[in-house]
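Read the structure below first, then the notes.
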Amino acid sequence: MLTPIVVTIHVLASAVLIVLVLLHSGKGGGLSDMFGGGMGATAAGSTVVERNLDRITIVAALIFSFTTMGLVLLL
């Protein structure tokens, strides 16, 4: 009874996690450059957008992990 709900959350969390990981910047580009975080932000460290993206990615990864464990215990 609870399994379809957990599977749905798991699939949504995995899709969101894929998108969030792809939004992260590599060696010189990504979300911060897309929103105008140019060279000044690179010299100063992480921008607010990058830090928020990191936090959202961590939350999505935790949801994915918990739903994985939930599915293991339910099945």
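The values are calculated or read from the model by the stated rules, or taken from the named source; none is laboratory data. Bear in mind the structure is a predicted one, so any value in this text is a computation, not a measurement. Positions of Cβ are generated from backbone atoms using ideal geometry, with glycine treated the same way; all protein chains shown enter the neighbour counts. Quick note on the areas: whole protein, heavy atoms, side chains included, nothing else; ligands and nucleic acids left out. Shrake-Rupley method; radii C 1.70, N 1.55, O 1.52, S 1.80 Å.
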message: Show the residue pairs meeting these rules: Cβ distance below 6 Å; 6+ apart or different chains; first residue within segment 43-54 and part of a helix (DSSP H, G or I); second residue modelled with pLDDT of 90 or more and exposed (fewer than 11 other Cβ atoms within 10 Å of the Cβ).
response: none
message: I'm checking my understanding of the structure. Among residues of segment 29-42 that are part of a loop (DSSP other than H, G, I, E, B) and at pLDDT below 60, which one is most open to solvent (accessible area, probe 1.4 Å)?
response: GLY36
message: Cβ-Cβ under 6 Å, sequence separation 6+ or interchain: first residue in segment 63-75 and assigned to a helix (DSSP H, G or I), partner exposed (fewer than 14 other Cβ atoms within 10 Å of the Cβ). Which pairs?
response: LEU74/THR3
- request: Would you be able to say whether some residue in segment 6-23 is surrounded by 11 or more Cβ atoms within 10 Å (Cβ to Cβ), at pLDDT below 95 and in a loop (DSSP other than H, G, I, E, B)?
  value: no
